[in-house]
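*Asks:* The following block contains the structure, expressed as structure tokens.
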Amino acid sequence: MMSEHHGHHIASAKQLWGIGIALLILTVLTVTVAGLGLPSPFDILTAMAIALTKAFLVAAFFMGLYWDTKFNSMLLIGALAFFILMVSITLLDTLYRDDIVPSF
Amino acid sequence: MASLSKAVNTVQMTPKKLKVKRFVPLENPTNTYLTDEKGIWAWLTTVDHKKIGLMYLGAVAFFFALAGFLAIALRTELWTPAKTFIEADTYNQLFTLHGAMMVFFVLVPSIPAALGNFILPMQLGAKDVAFPRLNLASFYIYAFGAIFTFLSLANNGFDTGWTFYTPYSSDTNSAGIIWVTLGVFILGFSSILTGTNFITTIHKLRAPGISWDRLPLNVWALYATSIIQVLATPVLAITILLLAMENILDIGIFDPALGGDPVLYQHFFWFYSHPAVYIMIVPGFGIISEVITTFSKKTIFGYWAIALSSLAIAFIGFLVWGHHMFTSGQSAVATTIFSFLTFLVGIPTGIKIFNWVATLYRGSILMKTPMIYVFIFIFLFSIGGFTGIMLGALSVDIHLHDTYYVVAHFHYVMMGGTLIALLAGLHYWWPKMTGKMYNEPLAKFAAVLIFVGFNVTFLPQFIMGAQGMPRRYYNYIDQFTPFHQTSTIGSYILAVGFLVILFYLAHSLIKGQKAGPNPWNSRGLEWQSTSPPDFHNFSHTPVVIHGPYDYHQPMEEFQLGLAVDHEYGDEQDEVAAEAHASLDTETTEA
Amino acid sequence: MANHSATHPKHVHHHFVDSNQQFESAKLGMWVFLVNEILFFGGLFCAYIVFRAWYPELFTQAALELNTFWGAVNTVVLIGSSLTVAMAIRSAQNNQKRGLEINLLITILLACVFLVIKYFEYEHKLHLGIAPGSFWNPTPEIAAVLDHPKANIFFGIYYMMTAVHGLHVIIGIALMIWLYLRARKGHFNSEYYTPVEITGLYWHLVDLIWIFLFPLLYLIE
Ligand code: HEM
Ligand SMILES: [Cu+2]
């Protein structure tokens, strides 16, 4: 059972710095876009799109999911899926109530 | 006992072929995990999953006795419609403590952390769980959480019911509530660590030859349970933390007086607690699958159906939490959808029941104690499940919500299901864990007492619940007296049953007959080691060459395989031979 | 008991077959733990979303009290620390003891900077009476701007989210100091750097959470 390979991926310094700089740029971008004051659903949508892109970069490259076994990526995606499930089912109640806070 | 088989199998393994030979475990092992390190300190600091499992078992038994004692007090109080012997306030505190302890201290850790800890690595042919020290930590975190709960009792206690609904829980009695919520918060971590540990162990520590389609169903069940633990428990943790902050700081998120939403608390709580009822029952399903094949001497019917239905239950279990909130003021849209989704849970559960019954068909059934508990389980759990479906029907639940009908439902599933499965597993693996047999006639007698006592206790509760007897009430109207009194008598019968169990198990520890490695002639991997097992479970990493339920093959073909690694062939032969005098040293090429 | 010493390096625990199995197990275990963390924070995000859907105007108003500039600075600080942790792992993989130590030190430093900035933000708000729960007592000027009956709830959520996140930062610092001490003793090399790797994963998650907290709390205009 001795497994011969020690093939842990070693990211190059250039790659890591590249990701770091990309994250920096995206941060500046999201602040700038927020300053524009887009109309209501679009402001939050762009902010979340940028945040998701940043999250993707961190997860894929800093956390090494890109080179890792697929199962670890599945765990991350699964966690997000269950979070979305929790939020959306809860919203089915809170968005459709007659009174927001019942009877108080 | 001499070795039975001379055949050698070659197992196809990537990347290379392993030569395998068979051996039988020693009848009278001299070196076991119990003799390995002795003394109380060695126990308290052990990282051996078997000892940690037993420590959990002891703790769970202790809390079960305590919470059970409270139950007897509660039932006694309900003998008369008015006050019998305790005050109303005390009554409220006692049922809260009973429920909270039974759920968080007994049922949630019982099967995974106690029996599962012991058995899971053995069923995988592993030497331990993936993170032994975290395993020990989880035990101490559990103990620590328990201390907090007791501190709560010293600080006014708590009387909110085990569900801690806001705003009552955020407005009254702050000190006690803060302690117990912190206690439950801490307990959650113990549960999370166990789940994390099991998932990793199942993925990474399977012995050679245990492919996913050879995993014992008990392992599949524990896997599904761990997934629920990992996904749901953190939500309980944050909920309980928010509740504590509600008490400490008046943070306001759940408190209507401060502008918050108490129903949001219920969403958070049940997002954990409905899946948590599956944390309690799914490991029980695993035990039933193991016991039913062993005592039917037949391959399990519908292996994949049972394995995957555990995962399906784990998943669907996350979609139905709102069925606890039909009368809470939740929106009509949500109620309707939750009611519909609740019915779906019945499907995978039904699949399991049918497959178990089909496994019995034409088996050669051996009515030993564990098997008797399996039958009790199927009977009681089916009643519990069906009444659950009834409660899931929106209109019916409006009438039955918060009545004794619900109390009866969840006792049929939690006690009639989980606890009975725990008893089945305890009796089944007792010889493995202790190396001793218990008194079979007495055990059967106790099983009958428990079955009778249970039904006498909880059947009347369905009836009075349907007639409108609300739960958590100290007084009741005269019309319910006969039901309550029958129920109380039943609880005494139950108590006697458990005392009998306590007696013969203690007796077995001291004077029990030697069990031998495999008293039930099971094909499971855990039975192919000595009883009690070696410190490392198996004297050498086993190679598994059969499925766990291959009852169509004769026992002698079913001995454990040892890997004979070509690189170190001779050296390992010697080592293995030392450990097992009865090792078959003859090998031939396949 | 079979003696594996010939094939078992010292850092490999007895119940693992080899170093790689141990490494992969540790990493999987950490990922499973991160799933926990995501759902733990998930509860808070859920409360946030529910209340924001109910009272969008409250969130727009209240966010004005949060300083976007310092929030952005802290975002950059955390991103920087994520980069240095990644570099630390790289150093360990390449047997660069010195590089590992330096990168860990910079990470600790950046984490502390984050906390200091957070401290001043808290300080400022408490000063204005924008305090959690029963300490809620905004000054008249603030109350005039923050004219919403549920303003306390927004800040309840804000304080819970940032405090729980801050707690994770503190735990991260403790872990990093422990790594640094071990690194100095030369415990890590290309064969064995599991603790660096999994602490790194944890630290990246702390960063990930902040990546979402920042726009959700600070960037509502
Ligand atoms: C077929 C599967 C099941 C269905 C459809 C089901 C359905 C329900 C429903 C609708 C309720 C809410 C009743 C009410 O409060 O008005 C309920 C309560 C409850 N169920 Fe089940 N159930 C099922 C299985 C289980 C299992 C397996 C367990 C535990 C092992 C369980 C434990 C509980 C508990 C503890 C409560 C009461 C919680 C409380 O309010 O204190 N159920 N069930
Ligand atoms: Cu439920």
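The values are calculated or read from the model by the stated rules, or taken from the named source; none is laboratory data. Model, not experiment: these values are computed from the prediction. Cβ coordinates were reconstructed from backbone atoms using ideal geometry, including for glycine residues, and neighbour counts include every protein chain displayed. Heavy atoms of the whole protein, side chains included, go into the accessibility calculation; ligands, DNA and RNA do not. Shrake-Rupley method; radii C 1.70, N 1.55, O 1.52, S 1.80 Å.
*Asks:* Checking C:G133 against (1) within 30 Å of A:F62 (Cβ to Cβ); (2) more than 20 Å from the chain's Cα centre (by Cα): exactly one of these is not met. Which one?
*Replies:* Only one criterion is unmet by C:G133, namely (1).
*Asks:* With (1) more than 7 Å from every other protein chain (Cβ to nearest Cβ); (2) in a helix (DSSP H, G or I) as the list, and A:A79 as the residue in question, which single condition is left unmet?
*Replies:* For A:A79, the exception is condition (1).
*Asks:* May I ask you to list the residues in the stretch B:466-505 that are touching a Gly at 6+ places or on another chain (Cβ under 6 Å), aliphatic (A, V, I, L, M) and over 30 Å from B:F164 (Cβ atoms)?
*Replies:* Matches in the stretch B:466-505: B:I493 only.
*Asks:* Could you tell me whether any residue of the stretch B:277-284 is over 30 Å from B:D550 (Cα atoms) and out of contact with any Asp or Glu (no Cβ under 9 Å at 6 or more places or on another chain)?
*Replies:* There is at least one residue in the stretch B:277-284 that is over 30 Å from B:D550 (Cα atoms) and out of contact with any Asp or Glu (no Cβ under 9 Å at 6 or more places or on another chain).
*Asks:* Considering every residue within the stretch B:267-290, establish whether at least one is over 21 Å from the mean Cα position of the chain (by Cα), open to solvent by 10 Å² or more (accessible area, probe 1.4 Å), more than 23 Å from B:M415 (Cβ to Cβ) and away from ligand 1 (no atom under 14 Å from the Cβ).
*Replies:* No, the stretch B:267-290 has no match at all.
Residues checked against (1) within 14 Å of ligand 1 (Cβ to nearest atom); (2) among the small types (G, A, S); (3) at positive phi; (4) more than 14 Å from chain A (Cβ to nearest Cβ):
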position	(1), (2), (3), (4)
B:W356	no, no, no, yes
B:P370	no, no, no, yes
B:F379	no, no, no, yes
B:I398	yes, no, no, yes
B:Y404	yes, no, no, yes
B:A408	yes, yes, no, yes
B:V413	yes, no, no, yes
B:L426	no, no, no, yes
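*Asks:* Output the helices (runs of 4 or more DSSP H) that fall wholly within the stretch B:324-437 and possess 2 or more residues being under 30 Å from B:F301 (Cβ atoms) and open to solvent by less than 20 Å² (accessible area, probe 1.4 Å), or say none.
*Replies:* In the stretch B:324-437, the matching helices (runs of 4 or more DSSP H) lie at B:332-360, B:369-392, B:420-434.
*Asks:* Which one of A:T69, A:T30 is among the hydroxyl-bearing types (S, T, Y), within 7 Å of chain C (Cβ to nearest Cβ) and out of contact with any Asp or Glu (no Cβ under 7 Å at 6 or more places or on another chain)?
*Replies:* Criteria check complete, one pass: A:T30.
*Asks:* Within the stretch B:291-323, restricting attention to residues that are more than 14 Å from every other protein chain (Cβ to nearest Cβ) and within 14 Å of ligand 1 (Cβ to nearest atom), which residue is surrounded by the fewest Cβ atoms within 10 Å (Cβ to Cβ)?
*Replies:* Result: B:A312.
*Asks:* Determine, yes or no, whether B:T387 is of a type in the set (S, T, Y), at negative phi and more than 9 Å from ligand 1 (Cβ to nearest atom).
*Replies:* So B:T387 does not fit the description; no.
*Asks:* A further question on this structure: For the stretch C:72-128, name all the residues that are among the small types (G, A, S), within 12 Å of another protein chain (Cβ to nearest Cβ) and either outside any helix (DSSP H, G or I) or within 22 Å of A:A55 (Cβ to Cβ) (or both).
*Replies:* Within the stretch C:72-128, C:A72, C:G80, C:S81, C:S82, C:A86, C:A88 qualify.
*Asks:* Moving to a separate point now. Within the stretch C:171-186, does at least one residue satisfy the condition of being part of a loop (DSSP other than H, G, I, E, B) and farther than 20 Å from C:P215 by Cα?
*Replies:* For the stretch C:171-186, residues part of a loop (DSSP other than H, G, I, E, B) and farther than 20 Å from C:P215 by Cα: present.
*Asks:* When you scan the stretch B:187-205, do you find a residue that is open to solvent by less than 20 Å² (accessible area, probe 1.4 Å), over 25 Å from C:I153 (Cα atoms) and not in a helix (DSSP H, G or I), even just one?
*Replies:* Yes, some residue in the stretch B:187-205 is open to solvent by less than 20 Å² (accessible area, probe 1.4 Å), over 25 Å from C:I153 (Cα atoms) and not in a helix (DSSP H, G or I).
*Asks:* Another question about this same structure. For the stretch C:147-174, which positions are surrounded by fewer than 16 Cβ atoms within 10 Å (Cβ to Cβ) and within 20 Å of the chain's Cα centre (by Cα)?
*Replies:* C:A163, C:L167, C:I170, C:I171, C:A174
*Asks:* Hey, B:L215 hits all of (1) more than 10 Å from chain C (Cβ to nearest Cβ); (2) buried (at least 24 other Cβ atoms within 10 Å of the Cβ); (3) over 18 Å from the mean Cα position of the chain (by Cα); (4) not basic (K, R) but one; which does it fall short on?
*Replies:* (2)
*Asks:* Give me the helices (runs of 4 or more DSSP H) completely within the stretch B:67-173, filtered to those with at least 3 residues that are away from ligand 1 (no atom under 16 Å from the Cβ) and buried (at least 18 other Cβ atoms within 10 Å of the Cβ), ordered by residue number.
*Replies:* B:117-124, B:132-154
*Asks:* Looking at the structure I just gave you, is B:M371 within 16 Å of ligand 2 (Cβ to nearest atom) and among the hydrophobic types (A, V, I, L, M, F, W, C)?
*Replies:* It is false that B:M371 is within 16 Å of ligand 2 (Cβ to nearest atom) and among the hydrophobic types (A, V, I, L, M, F, W, C).
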